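**Student:** Submitted below is the structure of interest, expressed as structure tokens.
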Amino acid sequence: MPVMNVVVCVKQIPDPADPGALDPETKTLKRDVKLILDESDSYGVEMALQLVDAAGEGEVRLVSMAPNNERSGLSTALAMGAASAVLVSDPALLGSDSLTTAKVLAAAIKDSEPDLVIAGSESSDGYTGTVPEQIAAVLGLPSVTAAKSISVDGDTLKVERQTDTGHDDVECPMPCVISVTAGVVEPRYPSFKGIMAAKSKPVDEKTAADLGFGADQVGWAGAGQEIVDITAAPQREAGEVIEDDGEAYQRIVAFLEQMKVI
Amino acid sequence: MTLSKIWVYAEALDGEVASTTLEILTMARELADTVECVYAGDDGDDIAEVLGSYGCETIHQTGDLDGALVGVPVSAAVAAAVEAGDGPDAILLGTSYDGRDVAARLSVGLDRPVITNVVALEVDGDTLVGTEPIFGGTTDVKTKFTGEGPYIALVRPKSVAAEPSDGAAADVEDLDVPDPGSSGGATVVERHLEESSGPKLDEAAVVVSGGRGMGDADNYEMVEKLAKLLKGAAGASRAIVDAGWVPYSYQVGQTGKVVKPDLYIAAGISGATQHLVGMKGSKNIIAINKDPEAPIFGIADLGIVGDVHKVMPQLIEALSNR
């Protein structure tokens, strides 16, 4: 049986149902709310667990980055079955852009020498959608983004990659970086046993300096971009809301007539 | 003030240029004296007239990439041109699968940041400032590049209306593609195109979308029926795409397609910020949902608090009988 070691990048984000706000002072997301595992990343965790199961040997290691030592999202992924985690936690990371994030995550991934790195296609909060491909570039690895299915054939991954008009069958040699779309697999719910086991799984905490980054290379200082303005966007006005009394469809018909759609 | 030169990453399929490319060319003309395109392929001649008519003066084409995913070769080619001193002040790409790949690889290759999800760009001195909507479009953030160029920005589809200029056909020049080394190797072995009838989701004048409130996958048929009656396209919320009811290509939202039709009908969609960001630019919005507190009613011109399983069949029948 071949060994399959997979690193999964996971992000801990504010609950999208209560996304919070930008702090006007620090110009970063207010993260005083409880953070959760980004749902987009749960698909990557599940995919990795399935690939390791199929290989028969190997393990899933998580890599995450946070300005504080937040772990609640990691705990969820560990409870799903990941074996261990690296948490790069450093206040200096606050304000890091996607390129810096990718450099830091790549440095944290490197020592594990995984066969495969999996990430979500984009986070639910920042949604830059560039970090997985940037990690691949920093590590000098090939990559496939927007994977909707993955299977292993020897040293090659066979990936169905989402396109605007359908999908492409892509082959990619390992080691490599893959980003997965939501829905690629059905993420499992952590079992009670999994939740208990997660408490004793190793979480290796590192600072930016541990990974060789100076304070001027990360966070706002290293970003190469600056937020110059935050404003409320013009909003649509709500129109008329009516209760269906069995005849409300006629109001829609009238609306369509008025618009000359029909 | 304008920048001296901007490159736009041009995307086309079988000689048909992506609408986002034409939108970005329209933006770029206002920002720089010279606008040129980078194109992954060997059929630049086929799109030279269209790109030229939107202001592109020169197409730098990579030639046939033998099925390689475009991120590695295109970014390497652009980085090599920049290092040779032939590069632009800024590179603008559309927020597409390939556009993101190229922008991400290029940012590492050049060690420059990328500003993403941009809906507007302006020149400030010799740098660029991008506007990005966050929190489902409730807040606009303006971000300025503070380091050295070239600046890289990913522009969201439908940010501006594409408008032709009176430019002549673009010149086509070959762009050298360096050896990809260990990063290469991801290769497309087969392409699958989904059959689709009717207008394209992101171009249709009418879009009818369904969400979890439709109950189950079989009921989605009602959405397609209504879309067809209105000569529109059928769309979907992320929830039912993730649930496997319809393919990803139906998805409207932050992830998925941005649509700005004359009329958007949301059936059984509550209106998570994820969804709103992809459709709130619609001219008119009708929403049907049983929950009076659903956020979708906050942006709908006509909101029906009711059961989609009752309202949709009535509406379909009324329209069928006309």
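The values are calculated or read from the model by the stated rules, or taken from the named source; none is laboratory data. All values derive from a computational prediction rather than experimental measurement. So basically every Cβ, Gly included, is an ideal-geometry build from the backbone, and we count neighbours across all protein chains shown. When the accessible area is computed, the model is the full protein with side chains, heavy atoms only, and any ligands, DNA or RNA have been set aside. Shrake-Rupley method; radii C 1.70, N 1.55, O 1.52, S 1.80 Å.
**Student:** Of all residues in region A:154-192, how many are of a type outside the set (A, V, I, L, M) and either part of a loop (DSSP other than H, G, I, E, B) or closer than 12 Å to A:ALA79 by Cβ (or both)?
**Tutor:** 14
**Student:** Let me ask something else about it. Output the residues belonging to region A:222-258 that are touching a helix residue (DSSP H, G or I) at 6+ places or on another chain (Cβ under 8 Å), more than 7 Å from chain B (Cβ to nearest Cβ) and open to solvent by 60 Å² or more (accessible area, probe 1.4 Å).
**Tutor:** Within region A:222-258, just A:GLN250 meets the criteria.
**Student:** Same structure again: Which is closer than 26 Å to A:SER124 by Cα and either open to solvent by less than 10 Å² (accessible area, probe 1.4 Å) or modelled with pLDDT under 95 (or both), of B:GLY125, B:GLY71? Don't jump to the end; show me each part of the working.
**Tutor:** Working: B:GLY125 fails: closer than 26 Å to A:SER124 by Cα.
So the residue among B:GLY125, B:GLY71 that is closer than 26 Å to A:SER124 by Cα and either open to solvent by less than 10 Å² (accessible area, probe 1.4 Å) or modelled with pLDDT under 95 (or both) is B:GLY71.
**Student:** Go through A:LEU51, A:LEU99, A:LEU105 for me and flag whichever is away from chain B (no Cβ under 14 Å), open to solvent by less than 50 Å² (accessible area, probe 1.4 Å), touching a residue at least 12 places away in the same chain (Cβ under 8 Å) and not in a loop (DSSP other than H, G, I, E, B). Don't jump to the end; show me each part of the working.
**Tutor:** Working: A:LEU99 fails: away from chain B (no Cβ under 14 Å); A:LEU105 fails: away from chain B (no Cβ under 14 Å).
None of the others qualify; the one that does is A:LEU51.
**Student:** Now for a different question. Does A:ASP41 fit the bill of being charged (D, E, K, R), open to solvent by 40 Å² or more (accessible area, probe 1.4 Å), in a helix (DSSP H, G or I) and within 24 Å of A:ALA147 (Cα to Cα)?
**Tutor:** no
**Student:** I'd like the full set of residues that are under 21 Å from B:MET27 (Cβ atoms) and out of contact with any helix residue (DSSP H, G or I) (no Cβ under 6 Å at 6 or more places or on another chain), limited to region B:166-181.
**Tutor:** Listed by number, the list holds a single entry, B:ASP166.
**Student:** With the requirement that a residue be within 7 Å of chain A (Cβ to nearest Cβ) and either at positive phi or crowded, with 23+ Cβ neighbours inside 10 Å (or both), what does region B:286-298 give you?
**Tutor:** Hits for region B:286-298 are B:ILE286, B:PHE297.
**Student:** Regarding region B:266-273, can at least one residue be identified that is facing chain A (nearest Cβ under 10 Å), buried (at least 17 other Cβ atoms within 10 Å of the Cβ) and on the phi < 0 side of the Ramachandran plot?
**Tutor:** Checking region B:266-273: at least one residue is facing chain A (nearest Cβ under 10 Å), buried (at least 17 other Cβ atoms within 10 Å of the Cβ) and on the phi < 0 side of the Ramachandran plot.
**Student:** Consider region B:198-257. How many of its residues are part of a loop (DSSP other than H, G, I, E, B) and of a type in the set (A, V, I, L, M, F, W, C)?
**Tutor:** Residues flagged as part of a loop (DSSP other than H, G, I, E, B) and of a type in the set (A, V, I, L, M, F, W, C) within region B:198-257 amount to 7.
**Student:** Among the residues of region B:95-119 satisfying the criterion of being over 25 Å from A:VAL170 (Cβ atoms), open to solvent by less than 40 Å² (accessible area, probe 1.4 Å) and over 14 Å from the mean Cα position of the chain (by Cα), which is farthest from the other protein chains (Cβ to nearest Cβ)?
**Tutor:** This residue is B:LEU110.
**Student:** Now a separate question. Which condition does B:THR26 not pass, out of (1) open to solvent by 30 Å² or more (accessible area, probe 1.4 Å); (2) in a helix (DSSP H, G or I); (3) more than 27 Å from A:VAL131 (Cα to Cα); (4) not basic (Lys, Arg), if it passes all the others?
**Tutor:** It is condition (1) that B:THR26 fails.
**Student:** Examine region A:193-216 for a residue that is outside any helix (DSSP H, G or I), at pLDDT below 95, within 14 Å of chain B (Cβ to nearest Cβ) and within 22 Å of the chain's Cα centre (by Cα), and state whether such a residue exists.
**Tutor:** Checked region A:193-216: no residue is outside any helix (DSSP H, G or I), at pLDDT below 95, within 14 Å of chain B (Cβ to nearest Cβ) and within 22 Å of the chain's Cα centre (by Cα).
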